[in-house]
Amino acid sequence: MKKLVLLLALGAACVAHAQTTNAPLTYFEAYCAVADAPLLKGMSSVGLLNDQITYPVEVRAERLYNMQTSNAVYAVSLRTRVSRQALVINYIDYDELDGLIRGIQLISQADHTTSPMDNFEAVYRTRCGLSILKVSNGNRLTVVIKSGDPAATRNQLAPFVLDDLGKFLTAAKAKLDAVAAGGQ
């Protein structure tokens with residue numbers, strides 16, 4: 001009987017853990033979901049990755065302002081155009097930007113001398129589930145951006161595009177810093 005109760009309790013715990021929610025993954029998304037308040041969203045396009053990449057990615061600096069409370073949150077969005085109708089948006093909270101920029105620099109530099117093994121995988125994941133990775137298979141290197149959206153496809157890019165992404169993220173952070181320093 002004790003075993004049956006234990007198995008039922010474990011089963012219930014597994015089912016409860018397996019349930020998914022549509023809860024926002026980032027602070028920016030949570031702020032977008034605020035109800036009963038006027039929200040003002042501002043955005044600036046920083047750059048477009050469209051050379052030697054499977055799907056074009058627009059990098060934007062974004063600010064969301066609650067007009068009622070005068071609170072503002074900042075993020076960078078990666079907007080991937082998968083088809084004419086499909087746009088996948090990944091938000092990167094402001095507090096994640098420094099780590100992501102450094103992570104991209106390190107991943108960009110990763111090569112076979114980085115690991116004592118035959119192959120390697122260097123990856124950086126953000127709060128929203130966005131993954132940036134470089135994978136080696138023999139002498140072949142593959143660089144991929146994978147959206148946090150489970151249904152999204154992998155976006156393969158040339159290694160130099162990773163450096164461009166790092167530059168755009170740095171420019172977006174500078175834009176957000178300037179807006180915040182201006183008291184906005």
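No value in this document is a laboratory result; all are computed from the given coordinates. Fair warning: this is a prediction, and the values are worked out from it, not measured in the lab. Don't worry about glycine lacking a Cβ; one is built from the backbone with ideal geometry, like all the others, and counts go over all protein chains shown.
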#### Entry: Too-long pairs where the Cα-Cα distance tops 23 Å, listed order kept, from Lys134/Lys175; Lys146/Lys167; Lys146/Lys175; Lys146/Lys173
Lys134/Lys175; Lys146/Lys175
### Query
Taking the Cα centre of the chain as origin and charging only Cβ (+1 Lys, Arg; -1 Asp, Glu), how large is the dipole, in debye to the nearest 20?
420
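What is the gain in length, in nm to one decimal, between Gln156 and Ala180 on full extension, counting 0.36 nm per residue of separation less the C-alpha to C-alpha distance?
5.3 nm
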### the range 85-126 residues near the modelled Cys32 label - backbone nitrogen below 20 Å, point 7 Å along Cα→Cβ
85-98, 100, 125-126
### Message
Suppose we take every Cα in the range 21-181 and form the convex hull; what volume per residue is that in Å³?
### Response
126
## Note on the structure
By the mean-Cβ-within-10 Å protection proxy, highest first, 129-138, 83-92 rank as 129-138, 83-92
### Message
Could you identify which residue out of Thr170, Thr114, Thr126 has the top mean-square fluctuation in a GNM of the chain using Cα springs shorter than 10 Å?
### Response
Thr114
### Protection proxy ranking, peptides 68-74, 145-151, average beta carbon neighbours within 10 Å, highest first
145-151, 68-74
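Order these by the 10 Å Cβ neighbour count, fewest first: Lys175, Lys167.
Lys167, Lys175
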### Task
Measure off 7 Å from each Cα along the Cα-to-Cβ vector at Ala86 and Val123, then give the distance between these two points in nanometres to one decimal.
2.1
